[in-house]
Structure formats: structure tokens, C-alpha cells
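*Asks:* The structure's right below; bear with me while I get my questions together.
Please treat every number below as a calculation from the coordinates, not as lab data. Treat the numbers as computed from the prediction; the structure is a model and nothing was measured. A quick note on method: Cβ atoms are made from the backbone with ideal geometry, for glycine too, and the neighbour counts reach across all protein chains shown.
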Amino acid sequence: MKTSIYFIRHGLAPFSIEHERAGGSSLSEQGKLDAMRVAEILSNEDIDVIVSSSYFRAIETVSPLAELLKKEIIPYIELTERPIASLNYAVSEEELLIAIEQSFVDIDFCMPEGETTRQAQERAIPLIKKLLSNFEGKKIAIGTHGNIMTIILNYFDSNYGFEFWKKTTKPDIYRLEFEEKELKLVKRLWNQ
């Protein structure tokens with residue numbers, strides 16, 4: 001039986017360590033406009049359930065879809081973004097990119113006080129499998145983030161890694177098709 005997951009990467013949102021520690025920042029004006037487009041694109045997909053990372057930007061990105069479909073958004077802390085480095089001090093973007101790339105080569109790598117790819121998979125994959133079981137044969141929309149989305153995809157297919165992550169946009173939409181718990185298809189639905 002085919003089960004579909006729609007990964008919806010959040011729209012543009014300003015980033016700061018303080019916001020991230022508090023549950024992430026809200027969407028920018030462009031992010032809010034893009035969230036409306038996400039709802040438009042997915043309006044005819046017959047989505048059965050909407051879940052999300054508990055971070056504000058992810059919930060806000062799927063909110064217009066939830067309103068349109070008259071569905072509740074179920075937040076899960078297990079789906080929050082993976083901090084590759086500590087949220088207690090600033091790290092340069094260049095250092096972060098190098099670390100993220102390394103984390104897909106060595107899934108046990110992270111910067112001090114960060115989370116490895118393996119650790120992120122250990123918190124997120126049991127929830128994904130539970131959703132696949134609980135909503136077998138249904139369509140599940142998930143408000144997500146670029147890094148944790150790629151980490152989840154990487155668990156099911158190791159071809160998804162740093163290069164895929166670099167090509168994703170804010171927002172972005174990918175439809176995944178599973179048979180049982182085996183990933184059969186990934187298709188990008190967002191077009192700019």
C-alpha cells in the first residue's frame with residue numbers, strides 16, 4: 001500500500017542563535033507569501049494529516065495549508081532542525097557548510113555541542129516510521145527544515161546528502177512515496 005509524505009521546507013526566516021534556542025524565528029514577509037503558494041500547490045493533493053517541526057518557521061509555512069484544508073497541525077520536537085554546532089555561540093557560515101558536508105560523509109561527526117547525522121536520525125526516524133504505520137495508505141504533510149529533511153531522506157537512500165541539501169530552497173516541497181517503509185519515489189513539487 002502506497003503512503004505519501006510531503007516534506008515542506010520552511011520559507012525564508014531571519015536566523016539568530018537566540019531565536020533558534022527559543023523555537024526559531026517567524027517567517028519574513030516573503031516567507032509568508034511563499035507559504036500561501038505552498039498551500040496553493042498542495043491544495044488538490046488530498047492530504048490527510050499535517051505534522052510539523054515545533055519551530056515557528058516550519059509551523060507558519062504549513063499554516064495556510066492547514067487553514068485551507070481545515071486540519072490541525074500536530075507539532076513534533078523530533079522534527080526540529082539539526083544543530084550541527086552549539087547554539088551557545090556563533091559559528092561562521094563557512095565553518096557550518098564544511099561541517100554539514102562532513103556530517104554526510106561521517107554520520108558521527110558534528111562540531112562541539114552539536115548533533116550528528118546519526119543522532120538526528122535516531123530522534124527523527126522512529127517518528128517517521130510511526131507516521132508511516134499510523135497513516136498507512138494516506139498522505140502526510142510535514143513542515144520541516146532543510147538539514148533534518150535531508151538527514152531523513154539519507155536514512156532511506158544514501159544518495160541524499162550534502163549536494164542535495166545545497167540545492168534545496170526556502171521553501172521547498174518534495175513528495176515521497178513509500179511502500180510499507182521502503183522509499184520508492186522522490187519528486188520535487190516546488191517550482192519558483
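*Asks:* Among Phe156, Ile47, Gln121, flag the residue with its Cα farthest along the positive direction of the charge dipole of the chain, charges on Cβ as +1 for Lys/Arg and -1 for Asp/Glu.
*Replies:* Going by the Cα projections, it comes out as Ile47.
*Asks:* Taking other Cβ within 10 Å of each residue's Cβ, how do Arg82, Arg188 sort, fewest first?
*Replies:* So the ranking, lowest neighbour count to highest, is Arg188, Arg82.
*Asks:* What FRET efficiency, computed as 1/(1 + (r/R0)^6) with R0 = 41 Å and r the Cβ-Cβ distance, is obtained for Ser28 and Leu127, rounded to the nearest 0.05?
*Replies:* 0.90
*Asks:* Taking 8 Å as the Cα distance limit and 6 or more residues as the minimum spacing, I'd like the relative contact order of the chain as a percentage.
*Replies:* Values: 385 pairs, mean separation 62.8, N = 192.
Worked out over the chain, it gives 33 percent.
*Asks:* I would also like to ask the following. Using DSSP to define loop residues, name the GluC sites (Glu not before Pro) in the stretch 1-97 whose beta-carbon has at most 11 other beta-carbon atoms within 10 Å.
*Replies:* Sites meeting the loop and neighbour criteria: Glu72.
*Asks:* Write out the chymotrypsin sites (Phe, Trp or Tyr not before Pro) in the stretch 41-92 meeting two conditions: DSSP loop, and at most 13 other Cβ atoms within 10 Å of their Cβ.
*Replies:* Those that pass, being in a loop and sparsely packed, are Tyr89.
*Asks:* Next question, about the same structure. Around Gly143, under 9 Å between beta carbons, what's the net of Lys plus Arg minus Asp minus Glu among the other residues?
*Replies:* +1
*Asks:* D for the chain, whole µm²/s, Stokes-Einstein with Kirkwood Rh over alpha-carbon pairs at 37 °C and 0.692 mPa s: what number?
*Replies:* Values: Rh = 16.6 Å.
For the chosen part, D equals 198 µm²/s.
*Asks:* Still on this structure: Quick check on the chain: helices-only [θ] at 222 nm, where DSSP H runs of length 4 and up contribute -39,500 (n - 2.57) each and the sum goes over total residues. Nearest 500, please.
*Replies:* The helix-only estimate for the chain comes to -13000 deg cm²/dmol at 222 nm.
*Asks:* Under a Cβ-Cβ cut-off of 13 Å, what is the net charge of the residues other than Lys71 that fall near it, where Lys and Arg count +1 and Asp and Glu count -1? Please list the in-between numbers first.
*Replies:* On the way: positive: Lys70, Lys138, Lys139; negative: Glu45, Asp46, Asp48, Glu67, Glu72.
Result for the neighbourhood of Lys71: -2.
*Asks:* Something else about it: Which order results if Phe15, Phe104, Phe156 are arranged by neighbouring Cβ count within 10 Å, fewest first?
*Replies:* With the sparsest Cβ surroundings first, the list reads Phe15, Phe156, Phe104.
*Asks:* Taking 0.36 nm per residue of sequence separation and subtracting the Cα-Cα distance, how much length would be gained by fully extending the chain between Lys166 and Asn191, in nm to one decimal?
*Replies:* Contour length minus the Cα-Cα distance gives 7.4 nm.
*Asks:* List every residue whose amide H lies under 5 Å from the amide H of Val49, counting only residues 5 or more places away in sequence or on a different chain, with H placed 1.01 Å from N in the peptide plane.
*Replies:* Lys139, Ala141
*Asks:* Give me the net charge of Arg9's neighbourhood, meaning all other residues with Cβ under 11 Å from the Cβ of Arg9; Lys, Arg count +1, Asp, Glu -1.
*Replies:* 0
*Asks:* Let me ask you something else. Straight-line reach only, C-alpha to C-alpha below 20 angstrom: list the aspartates and glutamates that Lys2 could link to, leaving out same-chain residues fewer than 8 apart.
*Replies:* Those aspartates and glutamates meeting the cut-off are Glu45, Asp46, Asp48, Glu136, Asp157, Glu177, Glu179, Glu180, Glu182.
*Asks:* Say R0 is 41 Å: what FRET efficiency, to the nearest 0.05, do Ser86 and Ser158 get from their beta-carbon distance?
*Replies:* Calculated value: 0.90.
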